[in-house]
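Novice: Sharing a structure with you now.
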Amino acid sequence: MPAWNTKNIAHLLSRTLFGYSKQNLQAAQGYSSFSDLIDLALLQDAPQPAAPNTWVNTVPAASQTSSGETGTWYREFNYWWFNLMHKEGLAMREKMVLFLHNHFANERDKVVYPQNMYAQNALFRKYALGNFKQLVKDISKDPSMLIYLDGNNSRGSVPNENYARELLELFTMGIGNYTETDVKQAAKVLSGWQVSGLTATFVPARWYTEASVTVLGKTAKFDMNTLIDHIFTQKATAEFICRKLYKEFVYYKPNEAFVSEMATVFRANNFEMKPLLKFLFSSEEFYTAAYIGAKIKNPTELMVGASKVLELAAPDYINMYELSKVLQMQLFQPPDVAGWPGQREWISSTTYSYRGGFTDSLITGKRYNGVNVTGKLSAVSYAQTFQNSEKAVEFVDDICQLFLAFPPTVKKKAFLLETLLGGTIVKNWSTYTPGANVSLQQFFKAVMRLPEFQLC
């Protein structure tokens, strides 16, 4: 088992949550072991949250788009999910929901109606810590997915291959583990579904009529469920899913030997997520020193995490929504069916500047365009929650330890101390001096503009 210490606990929280506050870290340290923290907090079950509004049950209609209602509802949907992330505590369900949203990527531009997208989001939340194989079965007849990958109009006589291809390539097995013939035959099996409003219905007359088809070496009269069962008997399936989880939570270059170990656990537990995630987060592999601070925060992690670490009770979700588009991670609008590629793709000269602008806005109370934001940091009040707030050197150390995945260089720490002091000397530093608020604001801006703050 990995060492039960602050460094490893912080690493676990940084990867499984959308950032963490001082209180979150202290609460995690209150557990006696990783096993308890994982079982009793990270992987805890919870009921479905209340819906963002009654529109989730409104039957889709063209008038909703022409009137602008769908756009308004999508905004509300985004704000609602940001809020769930912000208030997640020590439970990692929302992090898994985002992982699944990216794994089974759908684009709002094609799905159109947020009602359908909400139902899919609720499906991800239901299975976030549940059975992955059953999720694949349910997502295969999900109205949003049927619309997005053209299963809605697929007939057995002229099957649309889009979903069958992505089911094998992106959702379960990966390229190189199936043939074009497998795609064509699987498409027949997956045909027959129609979307009407908020529901999908199987229409037998639209299904394939052959006595049997051959997929992945097996000949049978497959239906959707038995086809997916067969896909999950393939060795490549568990490995593909575990590899994606490894890249998401550990490192972007997977250790294939450990991925194989994960796949063995996954298969042995009938594709249940909880045992797999506990195995991963309890492993020495996860806490490898080289992996700590080696993941670039995605924009959602950055924005929600910055608000959490500053303990903002009411973050400006409008600001997050607007910046998410600039930072190239608008929820419900991934670039394509492969989802957001992540890691280095998150950072460019443009996006890095806007990332800094966002964290500045939490401190100054002004967006990049000059508009006021809600949830502005009270720098002095926040600083005074730290035991060492009146000891400049120790306070800088405390902030760096909480905000950064690994310590800054001596030179950077000296710069941060100088920024905090604002022209005074160490022994004269106090949060009670007239200029303390300005100095603290500059200090927090400097910390959150460091490259290290972009990492987790």
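Novice: Decide, for the stretch 100-169, between rounded, prolate and oblate: order the square roots of the alpha carbon gyration tensor eigenvalues as a ≥ b ≥ c, take rounded if a/c falls under 1.5, and otherwise choose prolate if a/b is larger than b/c, else oblate. The partial results should precede the final answer.
Specialist: Details: a/c = 2.02, a/b = 1.32, b/c = 1.53.
Because a/c hits 1.5 or more and a/b fails to exceed b/c, the stretch 100-169 counts as oblate.
Novice: Students often forget the sequence filter, so: which lysines lie under 28 Å Cα-Cα from Lys412 once same-chain residues fewer than 8 apart are removed?
Specialist: Cα-Cα hits under 28 Å: Lys7, Lys22, Lys295, Lys297, Lys308, Lys366, Lys376, Lys391, Lys427, Lys445.
Novice: In which sequence would Leu190, Leu13 go, from the one with the fewest C-beta neighbours within 10 Å to the one with the most?
Specialist: On the way: Leu190 29, Leu13 23.
Least to most surrounded, the residues fall as Leu13, Leu190.
Novice: Roughly how many whole Å is it from the C-alpha centroid of the stretch 1-67 to that of the stretch 239-267?
Specialist: 21
Novice: Tell me the GluC sites (Glu not before Pro) within the stretch 348-428 that lie in a loop according to DSSP and have at most 16 other beta-carbon atoms within 10 Å.
Specialist: On the way: sites: Glu390, Glu394, Glu418; in loops: Glu390.
The qualifying sites are Glu390.
Novice: Follow-up. How much net charge surrounds Thr237 when only other residues with a Cβ under 15 Å from its Cβ are counted (Lys, Arg +1; Asp, Glu -1)?
Specialist: On the way: positive: Lys133, Lys137, Lys218, Lys235, Arg243, Lys244, Arg267; negative: Glu166, Glu169, Asp182, Asp229, Glu239, Glu272.
Net local charge, Thr237 excluded: +1.
Novice: I'd like the GluC sites (Glu not before Pro) in the stretch 155-228 restricted to DSSP loop residues with at most 14 other Cβ atoms within 10 Å, sorted by number.
Specialist: Those satisfying the criteria are Glu210.
Novice: With a 10 Å Cβ neighbour count serving as the proxy for reagent exposure, in which order, fewest first, do Ile347, Ile296 appear?
Specialist: Going from least to most buried by this count: Ile347, Ile296.
Novice: Amide H to amide H under 5 Å from Gly156: which residues, 5+ apart in sequence or cross-chain, H placed 1.01 Å off N in plane?
Specialist: Gly192, Trp207, Tyr208
Novice: By the gyration tensor of its Cα atoms, with a ≥ b ≥ c the square roots of the eigenvalues, what is the shape of the chain: rounded for a/c under 1.5, prolate for a/b over b/c, or oblate?
Specialist: Details: a/c = 2.60, a/b = 1.73, b/c = 1.50.
In terms of gyration-tensor shape, prolate.
Novice: Say the cut-off is 20 Å between C-alpha atoms; which of Lys244/Lys325; Lys126/Lys274; Lys184/Lys221 go over it?
Specialist: Lys244/Lys325
Novice: Using a 10 Å Cβ count of at most 16 others and DSSP loop calls, identify the longest part of the chain lacking such chymotrypsin sites (Phe, Trp or Tyr not before Pro). Kindly include the intermediate steps, with their values, before the conclusion.
Specialist: On the way: sites that count: Trp4, Tyr252, Tyr368, Phe386, Tyr432.
After excluding every exposed loop site, the longest remaining stretch is 5-251.
Novice: Something else about it: Please get the size of the charge dipole for the chain, origin at its Cα centre, with Cβ charges of +1 on Lys and Arg and -1 on Asp and Glu, quoted in debye to the nearest 20. Present the calculation step by step, with values, prior to reporting the outcome.
Specialist: Numbers: 45 positive and 40 negative charges, 79 e Å.
Using Cβ point charges on Lys, Arg, Asp and Glu, the chain gives about 380 debye.
Novice: Let me ask something else about it. Please order Val380, Val195 by the number of other Cβ within 10 Å, starting at the fewest.
Specialist: Working: Val380 17, Val195 20.
Neighbour counts put them in this order, fewest first: Val380, Val195.
Taken together, the values in this text are just the output of simple stated rules run on the coordinates, not laboratory data. From a predicted model like this one, the values you see are computed outputs, not experimental measurements. Note: ideal-geometry Cβ built from the backbone for every residue, glycine included; neighbour counts use all protein chains shown.
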